[in-house]
Amino acid sequence: MKMIIDTDPGVDDAMAIFYAAAASDIELLGLTTIFGNVTNTMATRNALRLLEAAGLEDVPVAEGAAKPLVLPPFPPSLNVHGDEGFGDIPAAEPKGKAVDEDAADFLIRMARAHKGELVVCPIGPLTNIAIAMQRDPDFVANVKKIVIMGGSLEEGGNITPHAEANIYHDPHAADIVVQGGAKVVLVGLDVTHRILCTPDDFEAMAAQSPELGGMLQDMSHFYIKFYLEVAGLNGCGMHDPSAIIAATHPEHFEIREVPVVVSCDGETSGATLADPDSGRDPVQVCMAVKSDVVKTQFMKRLALLP
Ligand code: BDR
Ligand code: CA
């Protein structure tokens with residue numbers, strides 16, 4: 001599957017990118033970056049660092065939006081992902097640089113070049129995707145599907161009682177994407193809160209894959225501490241890798257088809273609401289998951305990495 005991951009790395013973004021690097025059924029055509037867990041420039045640096053660590057320095061990185069479409073800029077979520085986005089791991093400058101094209105233009109060009117084949121997996125706020133849709137009326141027809149880590153129909157939020165973080169950080173963009181006519185799949189908290197990665201899982205990753213699994217284990221301590229303190233959980237939600245796995249293996253998920261509206265103001269801002277009367281085309285929302293199957297697949301494939 002030809003794939004571009006739109007990302008704000010981020011600990012679970014790193015897990016998703018390493019999973020994609022290990023998965024023989026994914027051809028990673030690029031990473032596009034976005035503000036969210038970190039600023040957009042930090043996201044670009046981190047994306048380059050992850051690709052270089054995985055030996056994928058030839059995969060291009062295109063830098064995306066610094067702020068939401070309408071809302072004022074958000075501070076990065078450093079309390080969740082650490083000062084540099086990788087928990088306690090200090091920054092290291094990458095060797096490579098981003099391409100000389102912004103994320104939306106890169107997405108548009110790649111969707112044209114791989115018409116009907118490109119799967120876009122946004123695992124951060126949806127600003128770049130909305131801009132690509134607005135800039136190129138053919139973008140929607142050119143992409144095969146857009147599989148998003150974001151939203152929550154019944155689970156409640158993780159950044160407010162109503163909203164999941166990626167949608168909350170740019171609800172206007174998310175609302176453009178869910179009604180844009182593309183084949184959209186939402187992989188949100190209804191399923192990602194059912195797949196936890198515990199300290200023992202990270203220990204196993206490091207044992208099987210000392211370099212890259214070890215890097216994830218080093219990053220995980222800060223992230224897991226956040227989950228323990230805020231949610232009382234002994235593990236972190238496997239958010240972003242679940243979206244990548246849903247793209248290639250939808251059979252592991254139970255999917256509901258329903259039109260979705262994103263609340264863009266008030267206390268519910270960022271909530272994804274099922275609205276059969278909206279007149280919108282349905283999107284696919286993952287509502288249940290074979291958690292063990294997804295986690296086992298993640299662990300097995302990650303073990304293929306050095
Ligand atoms: C999402 O928000 C970010 O903190 C994670 O990287 C993930 O993409 C989970 O709500
Ligand atoms: Ca993310």
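Report whether or not GLY64 is modelled with pLDDT under 95 and either small (Gly, Ala, Ser) or crowded, with 24+ Cβ neighbours inside 10 Å (or both). Please lay out each step first, then the result.
Details: modelled with pLDDT under 95: no; either small (Gly, Ala, Ser) or crowded, with 24+ Cβ neighbours inside 10 Å (or both): yes.
No: the conditions fail for GLY64.
Kindly indicate the residue of the stretch 271-298 that is without any contact (Cβ under 8 Å) to a residue 40 or more places away in the chain and among the charged types (D, E, K, R) and also farthest from ALA14 (Cα to Cα) among those meeting that condition.
Per the stated criteria, the residue is ASP277.
Could you list all residues from the stretch 4-52 that are assigned to a helix (DSSP H, G or I), small (Gly, Ala, Ser) and surrounded by 24 or more Cβ atoms within 10 Å (Cβ to Cβ)? Walk me through how you get there before you give the answer.
Going residue by residue through the stretch 4-52, those that are assigned to a helix (DSSP H, G or I) are 11-22, 40-52.
Those still in the list that are small (Gly, Ala, Ser) too: 14, 16, 20-22, 43, 47.
Within the stretch 4-52, ALA14, ALA16, ALA20, ALA43, ALA47 qualify.
Answer yes or no: is there a residue in the stretch 164-183 that is in contact (Cβ under 8 Å) with a residue 60 or more places away in the chain, under 24 Å from ALA92 (Cβ atoms), more than 15 Å from ligand 2 (Cβ to nearest atom) and of a type outside the set (A, V, I, L, M).
Scanning the stretch 164-183 turns up no residue that is in contact (Cβ under 8 Å) with a residue 60 or more places away in the chain, under 24 Å from ALA92 (Cβ atoms), more than 15 Å from ligand 2 (Cβ to nearest atom) and of a type outside the set (A, V, I, L, M).
Of the residues TYR227, TYR223, which single one is surrounded by fewer than 23 Cβ atoms within 10 Å (Cβ to Cβ), part of a helix (DSSP H, G or I) and modelled with pLDDT under 95?
The unique qualifying residue is TYR227.
Give me the residue from the stretch 10-52 that is without any contact (Cβ under 8 Å) to a residue 40 or more places away in the chain and out of contact with any strand residue (DSSP E or B) (no Cβ under 7 Å at 6 or more places or on another chain) and, out of that set, farthest from ligand 2 (Cβ to nearest atom).
Here the answer is SER24.
Do we have any residue at all in the stretch 91-107 that's of a type outside the set (D, E, K, R), closer than 25 Å to VAL185 by Cβ, more than 14 Å from ligand 1 (Cβ to nearest atom) and touching a Lys or Arg at 6+ places or on another chain (Cβ under 6 Å)?
Scanning the stretch 91-107, I find at least one residue that is of a type outside the set (D, E, K, R), closer than 25 Å to VAL185 by Cβ, more than 14 Å from ligand 1 (Cβ to nearest atom) and touching a Lys or Arg at 6+ places or on another chain (Cβ under 6 Å), so the answer is yes.
Pick from GLU84, GLU93: which is part of a loop (DSSP other than H, G, I, E, B), more than 13 Å from ligand 2 (Cβ to nearest atom), closer than 29 Å to GLY270 by Cα and charged (D, E, K, R)?
Every option except GLU84 fails the conditions.
May I ask you to list the residues in the stretch 262-296 that are under 17 Å from VAL70 (Cβ atoms) and of a type in the set (A, V, I, L, M)?
If the condition is that a residue be under 17 Å from VAL70 (Cβ atoms) and of a type in the set (A, V, I, L, M), then VAL262, ALA271 are the ones that fit.
Can you name the condition, by its number, that LEU56 falls short on among (1) in contact (Cβ under 8 Å) with a residue 40 or more places away in the chain; (2) in contact with a helix residue (DSSP H, G or I) (Cβ under 8 Å, 6 or more places away or on another chain); (3) assigned to a loop (DSSP other than H, G, I, E, B)?
Every listed condition holds for LEU56 apart from (1).
The values are calculated or read from the model by the stated rules, or taken from the named source; none is laboratory data. Predicted model, so just to flag it, every value in this text is computed and none were measured. A quick note on method: Cβ atoms are made from the backbone with ideal geometry, for glycine too, and the neighbour counts reach across all protein chains shown.
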